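The values are calculated or read from the model by the stated rules, or taken from the named source; none is laboratory data. Please read these numbers as outputs of a predicted model, since none were measured by experiment. When we count neighbours, we look across all protein chains shown, and the Cβ atoms used for this are built from the backbone with ideal geometry, even at glycine.
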Amino acid sequence: MTTHLTRSGRITTADPADQAFLLLRTVFTVAPIVFGLDKFANVLTDWPQYLAPWIDRIVPGTAQQAMYLVGVVEVVAGVLVAVAPRIGAWVVAAWLAGIIVNLLTIPGFYDIALRDFGLLVAAVALARLAERHHARAAAGAQL
(Lines give C-alpha, C1' and ligand atoms only; values in the text may rest on other atoms or scores of the structure.)
Protein backbone atom coordinates (compact mmCIF):
# COMPACT_ATOMS: atom_id res chain seq x y z
CA MET A 1 0.00 0.00 0.00
CA THR A 2 1.38 3.37 -1.01
CA THR A 3 0.31 6.15 1.29
CA HIS A 4 1.06 9.81 0.70
CA LEU A 5 0.77 12.80 3.01
CA THR A 6 -0.50 15.83 1.10
CA ARG A 7 0.39 19.44 1.86
CA SER A 8 -2.98 19.84 3.57
CA GLY A 9 -2.03 17.04 5.96
CA ARG A 10 -4.52 14.54 4.54
CA ILE A 11 -3.42 10.97 4.02
CA THR A 12 -4.21 9.55 0.60
CA THR A 13 -3.60 6.16 -0.89
CA ALA A 14 -2.80 5.25 -4.46
CA ASP A 15 -4.19 1.71 -4.11
CA PRO A 16 -7.62 1.49 -5.82
CA ALA A 17 -8.71 -1.33 -3.47
CA ASP A 18 -7.94 0.84 -0.44
CA GLN A 19 -9.84 3.72 -2.03
CA ALA A 20 -12.84 1.43 -2.67
CA PHE A 21 -12.67 0.19 0.93
CA LEU A 22 -12.67 3.75 2.28
CA LEU A 23 -15.56 4.83 0.03
CA LEU A 24 -17.72 1.82 0.88
CA ARG A 25 -16.92 2.00 4.58
CA THR A 26 -17.86 5.67 4.66
CA VAL A 27 -21.15 5.16 2.79
CA PHE A 28 -22.15 2.10 4.82
CA THR A 29 -21.40 4.01 8.01
CA VAL A 30 -23.19 7.25 7.18
CA ALA A 31 -26.22 5.98 5.21
CA PRO A 32 -27.53 3.48 7.79
CA ILE A 33 -27.11 6.03 10.57
CA VAL A 34 -28.92 8.76 8.63
CA PHE A 35 -31.72 6.46 7.48
CA GLY A 36 -31.96 4.91 10.93
CA LEU A 37 -32.31 8.29 12.63
CA ASP A 38 -34.91 9.31 10.05
CA LYS A 39 -37.09 6.37 11.12
CA PHE A 40 -37.86 8.55 14.18
CA ALA A 41 -38.59 11.71 12.17
CA ASN A 42 -40.07 10.47 8.85
CA VAL A 43 -38.54 13.44 7.03
CA LEU A 44 -37.25 11.53 4.00
CA THR A 45 -40.41 9.45 3.59
CA ASP A 46 -43.28 7.86 5.46
CA TRP A 47 -41.30 4.78 6.53
CA PRO A 48 -44.19 2.62 7.79
CA GLN A 49 -45.48 2.30 4.20
CA TYR A 50 -42.45 0.10 3.50
CA LEU A 51 -43.39 -2.48 6.12
CA ALA A 52 -45.09 -5.49 4.55
CA PRO A 53 -48.55 -6.13 6.03
CA TRP A 54 -47.63 -9.69 7.01
CA ILE A 55 -44.66 -8.39 9.01
CA ASP A 56 -46.79 -5.67 10.58
CA ARG A 57 -49.21 -8.39 11.74
CA ILE A 58 -46.51 -10.45 13.48
CA VAL A 59 -44.53 -7.69 15.20
CA PRO A 60 -46.00 -6.18 18.33
CA GLY A 61 -47.17 -2.56 18.26
CA THR A 62 -47.78 -0.27 15.33
CA ALA A 63 -45.88 -0.07 12.06
CA GLN A 64 -44.30 3.19 13.26
CA GLN A 65 -43.10 1.48 16.43
CA ALA A 66 -41.59 -1.27 14.28
CA MET A 67 -39.80 1.46 12.33
CA TYR A 68 -38.32 2.75 15.59
CA LEU A 69 -36.77 -0.68 16.14
CA VAL A 70 -35.60 -0.74 12.51
CA GLY A 71 -34.01 2.68 13.07
CA VAL A 72 -32.10 1.47 16.12
CA VAL A 73 -30.82 -1.58 14.22
CA GLU A 74 -29.70 0.60 11.31
CA VAL A 75 -27.84 3.05 13.55
CA VAL A 76 -26.11 0.16 15.33
CA ALA A 77 -25.20 -1.41 11.97
CA GLY A 78 -23.70 1.88 10.75
CA VAL A 79 -21.63 2.28 13.91
CA LEU A 80 -20.51 -1.34 13.63
CA VAL A 81 -19.29 -0.73 10.06
CA ALA A 82 -17.31 2.26 11.36
CA VAL A 83 -15.58 0.38 14.18
CA ALA A 84 -15.47 -3.21 12.88
CA PRO A 85 -16.09 -3.25 9.12
CA ARG A 86 -15.29 -6.97 8.74
CA ILE A 87 -18.32 -7.73 10.93
CA GLY A 88 -20.46 -4.67 10.25
CA ALA A 89 -20.48 -5.15 6.49
CA TRP A 90 -21.95 -8.65 6.90
CA VAL A 91 -24.55 -7.30 9.34
CA VAL A 92 -25.54 -4.66 6.79
CA ALA A 93 -25.68 -7.29 4.03
CA ALA A 94 -27.94 -9.52 6.14
CA TRP A 95 -30.11 -6.55 7.05
CA LEU A 96 -30.45 -5.62 3.38
CA ALA A 97 -31.44 -9.21 2.59
CA GLY A 98 -34.25 -8.89 5.12
CA ILE A 99 -35.34 -5.59 3.62
CA ILE A 100 -35.38 -7.16 0.16
CA VAL A 101 -37.60 -10.03 1.32
CA ASN A 102 -39.92 -7.51 2.96
CA LEU A 103 -40.11 -5.35 -0.20
CA LEU A 104 -40.66 -8.28 -2.53
CA THR A 105 -43.84 -9.08 -0.62
CA ILE A 106 -45.29 -5.59 -1.21
CA PRO A 107 -46.62 -5.00 -4.74
CA GLY A 108 -45.11 -1.91 -6.32
CA PHE A 109 -41.80 -1.89 -4.44
CA TYR A 110 -39.83 -4.23 -6.70
CA ASP A 111 -37.66 -1.38 -8.03
CA ILE A 112 -36.55 -0.52 -4.50
CA ALA A 113 -35.87 -4.20 -3.79
CA LEU A 114 -33.64 -4.30 -6.88
CA ARG A 115 -31.77 -1.21 -5.71
CA ASP A 116 -31.30 -2.77 -2.30
CA PHE A 117 -29.93 -5.90 -3.96
CA GLY A 118 -27.23 -3.71 -5.51
CA LEU A 119 -26.52 -2.29 -2.06
CA LEU A 120 -26.33 -5.83 -0.65
CA VAL A 121 -23.70 -6.73 -3.26
CA ALA A 122 -21.77 -3.57 -2.36
CA ALA A 123 -21.93 -4.50 1.35
CA VAL A 124 -20.50 -7.94 0.53
CA ALA A 125 -17.76 -6.23 -1.47
CA LEU A 126 -17.00 -4.08 1.57
CA ALA A 127 -16.81 -7.19 3.76
CA ARG A 128 -14.31 -8.78 1.37
CA LEU A 129 -12.24 -5.58 1.12
CA ALA A 130 -12.34 -5.23 4.91
CA GLU A 131 -10.90 -8.73 5.21
CA ARG A 132 -8.04 -7.74 2.88
CA HIS A 133 -7.52 -4.44 4.70
CA HIS A 134 -7.42 -6.20 8.08
CA ALA A 135 -4.97 -8.85 6.87
CA ARG A 136 -2.64 -6.20 5.44
CA ALA A 137 -2.85 -4.11 8.61
CA ALA A 138 -2.11 -7.17 10.76
CA ALA A 139 0.87 -8.10 8.58
CA GLY A 140 2.19 -4.56 8.86
CA ALA A 141 1.78 -4.57 12.65
CA GLN A 142 3.82 -7.76 12.92
CA LEU A 143 6.82 -6.29 11.11
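Only helices (runs of 4 or more DSSP H) wholly contained in region 36-143 count here; list those with 3 or more residues that are within 25 Å of Leu24 (Cβ to Cβ). Break it down into steps so the answer makes sense when it comes.
On the way: elements: 53-58, 63-83, 85-104, 110-142.
Here the list reads 63-83, 85-104, 110-142.
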Exercise. Got a number for residues in region 41-93 being surrounded by 13 or more Cβ atoms within 10 Å (Cβ to Cβ), more than 17 Å from Phe21 (Cβ to Cβ) and small (Gly, Ala, Ser)?
Worked result: 5
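Kindly evaluate Val101 against the criterion of being modelled with pLDDT of 95 or more, of a type outside the set (D, E, K, R) and closer than 20 Å to Val75 by Cα. Write out each step before concluding.
On the way: modelled with pLDDT of 95 or more: yes; of a type outside the set (D, E, K, R): yes; closer than 20 Å to Val75 by Cα: no.
For Val101, the condition - modelled with pLDDT of 95 or more, of a type outside the set (D, E, K, R) and closer than 20 Å to Val75 by Cα - is not met.
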Exercise. So which pairs qualify, if the first residue must be in region 56-82 and closer than 21 Å to Val92 by Cα, the second must be assigned to a helix (DSSP H, G or I) and of a type in the set (Lys, Arg), the Cβ gap must be under 8 Å, and the two must be at least 6 apart or on different chains?
Worked result: Val81/Arg25; Ala82/Arg25
Problem set entry | First in region 106-128 and under 14 Å from Ile87 (Cα atoms), second anywhere and among the charged types (D, E, K, R) and in a helix (DSSP H, G or I), Cβ under 8 Å, 6 or more apart | Leu126/Arg25; Ala127/Arg86
Exercise. Out of (1) within 28 Å of Gln49 (Cβ to Cβ); (2) exposed (fewer than 13 other Cβ atoms within 10 Å of the Cβ), the odd one out for Ala138 is which?
Worked result: (1)
